[in-house]
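Asks: Shown below is the structure under consideration.
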Amino acid sequence: YLPSDDELHPSLVLAEGELLQEAKMYKEAFDFYNETLAKAPENSPLLYARALAAEKIERIDISIADLTTIIKREPNNVQALNALGYTLVDRTDNLKEGLTYIQKAYKLQPEDPAIMDSLGWAHYRSGNHAEALKYLRLAFERLKDGEVAAHLGEVLWVMGEKDSARHVWDDALRDTPSHKVLLDVINRLTK
């Protein structure tokens, strides 16, 4: 269902797209955002939502392009800075560029645990495990999230602290027993 011009209220469109994503209908969400962006190409929240959906369907090129567009328009958009930085660090070899975006987001919002997680992950991917551990522990203290637990546990595991890694993972599994990223990391490292 594509809303008419009169119905193109951004919060309604975002809500519908979020429902599709929560149902793991990522391609449908992506297509929905494409259609709505044709009517409202300057809408940064819609562009951000499409970037997230694009990442889920392995269209990293579109995700990066959308996030870059937002940052060109809004250089201090913390969400877009963090998302672009994390995407570059996690899904490409552009570690230095990704870290730069995450560091800018961190300077703007130093208490945000999602940004701390991204910063820790960037340091880990860059081979700086001690720095990674510092930020990931801070993030996990503030946000007991499955993905943060996956990242923290992976760094602990790689640093030889396997019991600590298992403890972090076990705690997170109690809250989110079917968290895909967490389960993938545990399976990959413990086999």
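Asks: Consider Lys27 carefully, then state whether it is part of a helix (DSSP H, G or I), basic (Lys, Arg) and within 27 Å of Gln109 (Cα to Cα).
Replies: no
Asks: Suppose we filter the range 1-39 for residues that are within 17 Å of Thr69 (Cβ to Cβ) and modelled with pLDDT of 85 or more; how many remain?
Replies: Number of matching residues: 7.
Asks: I would also like to ask the following. Select the helices (runs of 4 or more DSSP H) contained entirely in the range 77-191, then report the ones holding at least 1 residues which are open to solvent by less than 60 Å² (accessible area, probe 1.4 Å) and of a type in the set (Asp, Glu).
Replies: Result: 78-91, 113-125, 129-142, 146-158, 162-175.
Asks: Looking at the structure I just gave you, is Asp61 open to solvent by 50 Å² or more (accessible area, probe 1.4 Å), modelled with pLDDT of 90 or more and in a helix (DSSP H, G or I)?
Replies: yes
The values are calculated or read from the model by the stated rules, or taken from the named source; none is laboratory data. Quantities reported herein were computed from a predicted structural model and do not represent experimental measurements. No Cβ is skipped: glycine too gets one built from the backbone with ideal geometry, and neighbour counts run over all protein chains shown. Side chains included, ligands, DNA and RNA excluded: accessible areas come from the protein's heavy atoms. Shrake-Rupley method; radii C 1.70, N 1.55, O 1.52, S 1.80 Å.
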